[in-house]
Amino acid sequence: MTVTDRTRDSASPPGRRGTGRRLPLVLAACCLGQFMNVLDASVVNVALPVIADDLHFDEHNLQLVNNAYTVVVCGFLLLGGRLADLFGQRRVLLFGVGLFTLASVVGGAADAPVTLVLARAFQGLGAAVMAPATLTVLGTTFTEPAARARAFGWWSAVSGAAGAIGVLAGGVIIQWFSWRWIFLVNAPIGLVLFATVRWVVPETRPRRTGTGSGLDLPGALTVTLGLMASVYGVAESHVYGWGSARVLGPLLSGLALLAAFLVIQARFAKNPLVPLGVFRNRSVAAANLVAFFGIAALFSTFYFFTLVLQQVLHYSPLRTGLSYLPLSLGIALGGWGVASLVPRAGPRPILLGGLALSGTALFWLSALHAGSTYTGDVLVPATLLGLGMGAVLNATTNAATAGLPAHQAGLASGLLNTTRQLGSAVGLVTLAALSAARIDARAAEGAARTDTLASGYGLALTGAGILAVAGLVAALFVPVRKQSSSPRGDTEKVAA
C-alpha cells in the first residue's frame, strides 16, 4: 500500500489545484499539534511535587506519571508514523488529536494515582499518532524546497521551544492555579486544533499495489513491545539500578523483540513496517543518529537546568520559568533563521555549526555554582544553546526526510520522532545516574549541600555537552545536499 502525493482539496501546495490559500493554516495546525505534544511532556515535571501531595503518590510510584507517557509514546511512534502512510494523514491526525485531548481531560479530573497514570499512557498513545502525522502533513503538502524548509523550520522551532516554554507555563499554572490545569488547558486547544485539521489539512488517499495492502502486524507487534520494554527498563534503572532484575528483564526482553522485528522486516514481511532499505539513504541514517544525540543533550538540559535554577540558585518556580525565556526564544529564532539557508547550503553545515554552538553553551552552563548570577553566567549561554539547538532541530528534520518518496513520508517521520524520544529517555536516565553518583560522593566528603548539588548537576550538563559533540561527529556523515529551486522539489544535488 502506498500513499499518493496528490491531495484532493483546496489546501494543496502552490501550483496544484486550489493553490495554497490555506497553507498557513495547515502549517499552524501542524505546529500547534506538535506544541501540545512537547509542552505536555515538559510542563508535568514542574507539577510533580504538587501532584504527589494531592493524589498521595508514594516516592517510587511518582515516576510513573512521566514513564507511562514516555514508554507508550516511544513504543507506538514508529507504528503511528506508518499509519499516516497507510490510512491517510488527516484521518490519523484527527484520531491522535481526539485521543490526546480526551486523555488530557481524564488526567485533569483524576482523583487517584492509577487514573492519572492511565490517562498519561493514553496521552502518550495520542501523541505517538499525532507527532509523526504533523510532520507527514508538512512533508507531503509543502513540496517546493524553500517552502518546505520554512515549514520544517517553524515545526522544529515550535518543537524545541515548547519544551522550554513548558517550564514557564508549569510555574505560572502551579503558582496561580491548580496542577489540574496543566492537563485541562489541552481541552480548548484540542477542540480548536481538531476543527482546524478537519477544515484545512489535505487528505491523502492510499492506493493498492500488486504487493498487497495489509499492515505488517507481526512487525508492528514486535517493534512496539520491544521499544516499550526497552524504554521501561531504562526508565526504571535510576530507581533499582542497572543490575536489578526489574531493569535487566525488560531490557533483555526488549532487545530480543527488536531483534525479532529486524528478522521479520528482512525476511518475512510482505509489506514491512520499516523497509530496511530506507537506511541505505545516508541522509536518513545519519540524521537519525544526530537526532538521538542532539535531543538527548537538549531535553536532559531542560531537567538539570531547572534543578540548577531552583536548588543551586534558589529561584522560585515562576522565576525559573521566566529564566527559560531566552532559551525558548533562541530555539524559535534559530529554527526559523536557518530555514532559508538549508535549501541552499544543505543541512550538514547547519548541523555542524548548531551542534558546535550548543556544545560550547552546555560546557559553559556546567560551571554554574551558588554564586553565579543570571545576567553574568546564565543569560548568554542559555541564548546560545537555544540558537544552536533551534538550527539543529530544523536541519535534522530536513535531512531525515530528504530523498524519500511521498509514500514513505510517514515512515521517515515516525523514525525521526522515535529516535528523538529514545534519545531524551536514554540521555536523561544516563546523565541522572552520573549526577546522582557525583552528588553521593561529594556528600560523603562532607561538602556543603548547595556545592554538592552544583557539582552533580554540573557533571550532568558536561555530559550533555559531550552528547552534543557526539552529535557533531554524526553530522559529518550527513551528505552535502543542495536542493534545487524546482517548484516540485524533485531534484537534489548530492555530494559526499
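One table, with the values for the structure above:
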read-out	value
Sole residue being in contact with a Leu (Cβ under 9 Å, 6 or more places away or on another chain), over 30 Å from Arg82 (Cβ atoms) and either at pLDDT 80 or above or not in a loop (DSSP other than H, G, I, E, B) (or both), chosen from Gly390, Gly334	Gly334
Unmet requirement for Asn417, which otherwise passes all of (1) over 28 Å from Ser230 (Cβ atoms); (2) modelled with pLDDT under 85	(1)
Near pairs, Cβ below 8 angstrom, 6+ apart or cross-chain, from segment 296-318 (within 16 Å of Ile165 (Cα to Cα)) to any residue that is part of a helix (DSSP H, G or I) and of a type in the set (D, E, K, R)	Leu309/Arg319
Single condition Pro250 does not satisfy, out of (1) assigned to a helix (DSSP H, G or I); (2) surrounded by fewer than 20 Cβ atoms within 10 Å (Cβ to Cβ)	(2)
Residues of segment 264-304 classified as in a helix (DSSP H, G or I) and out of contact with any Phe, Trp or Tyr (no Cβ under 8 Å at 6 or more places or on another chain), total	28
Among the residues listed as Ala339, Ala370, the single one being under 22 Å from the mean Cα position of the chain (by Cα), modelled with pLDDT under 90 and part of a loop (DSSP other than H, G, I, E, B)	Ala339
Pick from segment 69-105, criterion within 17 Å of Val43 (Cβ to Cβ) and of a type in the set (A, V, I, L, M, F, W, C), ranking: farthest from the chain's Cα centre (by Cα)	Val105
Sole residue being of a type in the set (Gly, Ala, Ser) and over 30 Å from Ala433 (Cα atoms), chosen from Ala286, Ala291, Ala266, Ala259	Ala266
Segment 171-195 - residue that is within 21 Å of the chain's Cα centre (by Cα) and closer than 17 Å to Ala119 by Cα and, of those, surrounded by the fewest Cβ atoms within 10 Å (Cβ to Cβ)	Val185
Scan of segment 262-299 for residues that are modelled with pLDDT under 75 and β-branched (Val, Ile, Thr), ordered by number	Val274, Val278
Odd one out for Gly376 among (1) modelled with pLDDT of 85 or more; (2) among the small types (Gly, Ala, Ser); (3) in contact with a helix residue (DSSP H, G or I) (Cβ under 6 Å, 6 or more places away or on another chain)	(3)
Matching option when the condition is part of a helix (DSSP H, G or I) and of a type in the set (Gly, Ala, Ser), among Ala68, Ala110	Ala68
Any hit, segment 207-218, residues being modelled with pLDDT of 75 or more, more than 24 Å from Thr134 (Cα to Cα) and either charged (D, E, K, R) or within 23 Å of the chain's Cα centre (by Cα) (or both)	no
Count - residues of segment 2-40 that are on the phi < 0 side of the Ramachandran plot and either among the basic types (Lys, Arg) or modelled with pLDDT under 70 (or both)	18
Checklist (1) among the acidic types (Asp, Glu); (2) at pLDDT below 85; (3) over 21 Å from Arg198 (Cα atoms) applied to Asp85, failing item	(3)
Segment 333-356, residues that are buried (at least 23 other Cβ atoms within 10 Å of the Cβ) and among the aliphatic types (A, V, I, L, M)	Val338, Ala339, Val342, Ile350, Leu351, Leu355
Enumeration of residues in segment 151-173 that are farther than 28 Å from Pro317 by Cβ and at pLDDT 75 or above	Ala151, Trp154, Trp155
Segment 276-328 - residue that is crowded, with 24+ Cβ neighbours inside 10 Å and β-branched (Val, Ile, Thr) and, of those, farthest from Phe261 (Cα to Cα)	Val308
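The values are calculated or read from the model by the stated rules, or taken from the named source; none is laboratory data. Quick caveat: nothing in here was measured; it's all calculated off a predicted structure. So basically every Cβ, Gly included, is an ideal-geometry build from the backbone, and we count neighbours across all protein chains shown.
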